[in-house]
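Presented below is the structure to which this report refers.
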Amino acid sequence: LNPEMFNTAGLHLELYNAYLTLSSLTQSEDSFLCKAALHLYQAIDLDTQPIKAENKLWLANYFYETGNNTKDDDEKTLCHQRAFLLLKNTVTVDGTWNVVEIDEDSLFIEGEVLKLADLLEKQGSFENKRDLLKSLASQQNSHANWDWRLQRRALLELAKSHEALGDEDKALQTYSFIAETAKYSPSELSYVALLKEARLRFKKLPVASRT
């Protein structure tokens, strides 16, 4: 028998669905989820038939969480690389760091964008992280009445990117905006922004005034 007969995207997708179902029916959930993920990854890697975006995002999240939770450095690197590529290809416009067009039925994408931003930070790619989050913020601002859940977190990460790139004025402006807009509904995130704003303002003071 030709082994290539058993290495088709269609077969890998069938096995992915089968193992995914088994994971919900048995106590060996982690083992079956791992097998499901590997078959879906092989189906995507073969690139011979369309794969739904929701499946790609499921796999990206599997690798992202596995990478975050493992203590093995090689596994962490591999999982984060795979998560990065899957997220980049799913939530950004080809060849850019612009976020794909989001509508009210796909607001969940903001969470996926923040995971991609986190992976960019782990790589030290702060310019790309900044551009990605500026694109997300632009869409959030254009549809301010939509039920965004992570707008302040996206702004906080954008401010951190400005600060990492040495643009302290933009970072300070963004931290201040977060703290001001959260004045009547403070949260842990707004307190972080307030603290970072205070530290930057202190840093910009003349040395003689830092007492």
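The values are calculated or read from the model by the stated rules, or taken from the named source; none is laboratory data. Just so it is clear, the model here is predicted, and its values are computed rather than measured. No Cβ is skipped: glycine too gets one built from the backbone with ideal geometry, and neighbour counts run over all protein chains shown. Only protein heavy atoms, including side chains, enter the accessible area calculation; ligands, DNA and RNA are left aside. Shrake-Rupley method; radii C 1.70, N 1.55, O 1.52, S 1.80 Å.
For the structure I just gave you, tell me whether L15 is open to solvent by less than 30 Å² (accessible area, probe 1.4 Å) and either of a type in the set (A, V, I, L, M) or not in a loop (DSSP other than H, G, I, E, B) (or both). No. Screening the stretch 41-53 for residues that are under 20 Å from the mean Cα position of the chain (by Cα) and in a helix (DSSP H, G or I) and picking the one that is surrounded by the most Cβ atoms within 10 Å (Cβ to Cβ) gives I44. The set of residues from the stretch 160-182 being under 20 Å from S135 (Cα atoms) and open to solvent by less than 10 Å² (accessible area, probe 1.4 Å) comprises S161, A171, Y175, I178. Cβ-Cβ distances below 6 Å connect the following pairs, each with a first residue in the stretch 185-211 that is open to solvent by less than 100 Å² (accessible area, probe 1.4 Å), a second residue that is hydroxyl-bearing (S, T, Y), and a separation of six or more residues or different chains: A193/Y175; K196/Y175; E197/Y175; E197/S176.
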